[in-house]
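Trainee: Quick one: the structure is below, and I'll ask about it shortly.
The values are calculated or read from the model by the stated rules, or taken from the named source; none is laboratory data. Note that this is a predicted model, so its numbers are computed, not measured. Virtual Cβ from ideal backbone geometry, glycine too; neighbours counted across all protein chains shown.
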Amino acid sequence: MRETTCDQWFFRAKAMLRAAVAAVAMMTMVPAAFASGQFPTRQIEFWVPFPPGGPTDASLRVLMAAAGKELGQQVIPINKPGAGATLAAQVMSQSSTPDGHTVSMVASNIFRMPHLQKTPYDPLKDFTYIIGLTNYRYGLVVRNDAKWKNLEEFLAYAKANPGKVTVGAVGVGSSGHIAMEKLARAVGTQMTFVPYKGGAEEMLALMGGEVDAILDPGWGQHAATGKIRPLAIVGENRFPRFKDVPTLKELGYDITASSQVGIVGPKGMDPKVVKALHDAFKKAMRDPAYIKAMETIDLEEVYLSSEEFTKFAFEQYEREKRTVQQLNIKLN
């Protein structure tokens, strides 16, 4: 009888141990965001600095859907264009509680604007850097029926007609705007810059003849269908699917444009919440639908951890300062 009791105790203890091990295993399968049992407690607002419908907006919505699955809460887009694609992050940083339920996309404009004009934010103090996602690939493109068949013809016309050539990009002070100013100075002429709020808007302007060219990312699908003609890649390397289009450097102009895209929150966020968001979005970056969306608009994945993105922010702030000083540009 005693042996039976001991045996029963042994088997019960063994069963309890198995149950405990199974419970721990289940906990490790739950996304990191649930580890504290406190975050997220509701849907997460993701502020986008462009109007809906553009290439960046479209790809980010795919990323949000995948991240929402990891977090167990919806991630919903809040489109807030304006201020050279910095308005979303500005407003988010000043009006949101740093609890992780409100984040924003940023690009390199956020580090450049303080050197161009007075801004209501300090990029080194007012944001929590969560994760770096991608890098924009830039190109100078014209309509397929434009009279310029290559960059040499385009620049020759611009030099012979100062100020007559119009070039669009997203926002005053954007990477595309800066690259256009550098190119015009290298040629010894002037081009007229036309700012837009987003990629969809500027592409409509190009196709409608409102501008002669655009210098920005996100035009790949239009080039693939023959609607526009890329004259040069404004980056270090040629695009994988447009290998016949040379870079400006190859054509004799030491000019590149790039813009790291990432996610930030307000200052003062709990490191555990930052990690939960970072881990969810990092996993979302591997979602097949998001990878396909990236390929469609020729975005390059450039992942940065929270620590790496913070370091990048400080370094980029100084790089942008030097660029603005060299070009001697100031906005009103």
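Trainee: Give me the residue from region 189-219 that is surrounded by fewer than 23 Cβ atoms within 10 Å (Cβ to Cβ) and in contact with a Lys or Arg (Cβ under 7 Å, 6 or more places away or on another chain) and, out of that set, farthest from Pro49 (Cα to Cα).
Mentor: The residue in question is Thr189.
Trainee: Related question: Can you name the condition, by its number, that Ile76 falls short on among (1) in contact with an Asp or Glu (Cβ under 7 Å, 6 or more places away or on another chain); (2) farther than 18 Å from Leu277 by Cβ?
Mentor: For Ile76, the failing item is (2).
Trainee: Would you be able to tell me the number of residues in region 73-89 that are modelled with pLDDT of 95 or more and in a loop (DSSP other than H, G, I, E, B)?
Mentor: The qualifying residues number 2.
Trainee: Can you tell me which of Ala146, Ala85 is in contact (Cβ under 8 Å) with a residue 40 or more places away in the chain and outside the structural domain of Lys311 (by TED's automatic domain parsing)? Can you show your working first?
Mentor: Values: Ala85 fails: outside the structural domain of Lys311 (by TED's automatic domain parsing).
Residue meeting the stated conditions: Ala146.
Trainee: Can you pull out the residues in region 72-116 that are within 14 Å of Gly198 (Cβ to Cβ), among the aliphatic types (A, V, I, L, M) and over 15 Å from the mean Cα position of the chain (by Cα)?
Mentor: Here is the first cut: in region 72-116, the ones within 14 Å of Gly198 (Cβ to Cβ) are 77, 79-88, 105, 107, 109.
Right, trim to among the aliphatic types (A, V, I, L, M) and you get 83, 85, 87-88, 105, 107.
Ala83 - this is the single residue of region 72-116 that is within 14 Å of Gly198 (Cβ to Cβ), among the aliphatic types (A, V, I, L, M) and over 15 Å from the mean Cα position of the chain (by Cα).
Trainee: Would you point out the residue of region 44-66, among those that are among the aromatic types (Phe, Trp, Tyr) and either part of a strand (DSSP E or B) or outside the structural domain of Ser104 (by TED's automatic domain parsing) (or both), that is farthest from Gly82 (Cα to Cα)? Lay out the reasoning, then the answer.
Mentor: Filtering region 44-66 for residues among the aromatic types (Phe, Trp, Tyr) gives 46-47, 50.
If we keep only those that are either part of a strand (DSSP E or B) or outside the structural domain of Ser104 (by TED's automatic domain parsing) (or both) as well, we get 46-47.
Values: Phe46: 16, Trp47: 12 Å.
The qualifying residue farthest from Gly82 (Cα to Cα) is Phe46.
Trainee: Name every residue in region 88-131 that is within 13 Å of Val264 (Cα to Cα), of a type in the set (D, E, K, R) and either touching a Ser or Thr at 6+ places or on another chain (Cβ under 9 Å) or outside the structural domain of Pro266 (by TED's automatic domain parsing) (or both), in order of residue number.
Mentor: If the condition is that a residue be within 13 Å of Val264 (Cα to Cα), of a type in the set (D, E, K, R) and either touching a Ser or Thr at 6+ places or on another chain (Cβ under 9 Å) or outside the structural domain of Pro266 (by TED's automatic domain parsing) (or both), then Asp99, Asp126 are the ones that fit.
Trainee: Okay, moving on. Collect the residues in region 288-316 that are of a type in the set (Ser, Thr, Tyr) and under 19 Å from Ile255 (Cα atoms), keeping them in residue-number order. Write out each step before concluding.
Mentor: Restricting attention to region 288-316, the residues satisfying the condition of being of a type in the set (Ser, Thr, Tyr) are 290, 296, 303, 305-306, 310.
Answer for region 288-316, where residues must be of a type in the set (Ser, Thr, Tyr) and under 19 Å from Ile255 (Cα atoms): there is none.
Trainee: Could you check, for region 279-286, whether at least one of its residues is free of Cβ contacts under 8 Å to residues at least 40 places away in the same chain, assigned to a loop (DSSP other than H, G, I, E, B) and within 30 Å of Ala313 (Cα to Cα)?
Mentor: At the first step, the residues of region 279-286 found to be free of Cβ contacts under 8 Å to residues at least 40 places away in the same chain are 286.
Among the residues that remain, those that are also assigned to a loop (DSSP other than H, G, I, E, B) are: 286.
After this cut, where a residue has to be within 30 Å of Ala313 (Cα to Cα) as well, the list is 286.
Checking region 279-286: at least one residue is free of Cβ contacts under 8 Å to residues at least 40 places away in the same chain, assigned to a loop (DSSP other than H, G, I, E, B) and within 30 Å of Ala313 (Cα to Cα).
Trainee: Follow-up question, since we're still on this one. Please pick out the residue among Asp244, Asp270, Asp212 that is over 22 Å from the mean Cα position of the chain (by Cα) and assigned by TED's automatic domain parsing to the domain that holds Phe154. Give the steps one after another, and end with the answer.
Mentor: Numbers: Asp244 fails: assigned by TED's automatic domain parsing to the domain that holds Phe154; Asp270 fails: assigned by TED's automatic domain parsing to the domain that holds Phe154.
Only one candidate passes the filter, namely Asp212.
Trainee: Name the single residue, out of those in region 284-332 being touching a strand residue (DSSP E or B) at 6+ places or on another chain (Cβ under 6 Å) and acidic (Asp, Glu), that is surrounded by the fewest Cβ atoms within 10 Å (Cβ to Cβ).
Mentor: Glu301
Trainee: Of the numbered conditions (1) under 19 Å from Ser59 (Cα atoms); (2) part of a loop (DSSP other than H, G, I, E, B); (3) of a type in the set (Asp, Glu), Glu201 satisfies every one except a single condition; which is it?
Mentor: (2)
Trainee: Just to be sure I understand the filter: pairs with C-beta atoms under 6 Å, separated by 6 or more residues or on different chains, first member in region 180-199 and over 12 Å from Thr166 (Cα atoms), second member assigned to a helix (DSSP H, G or I) and at pLDDT 95 or above. Which pairs pass?
Mentor: Val187/Leu155; Val187/Lys159; Thr189/Ala158; Thr189/Lys159
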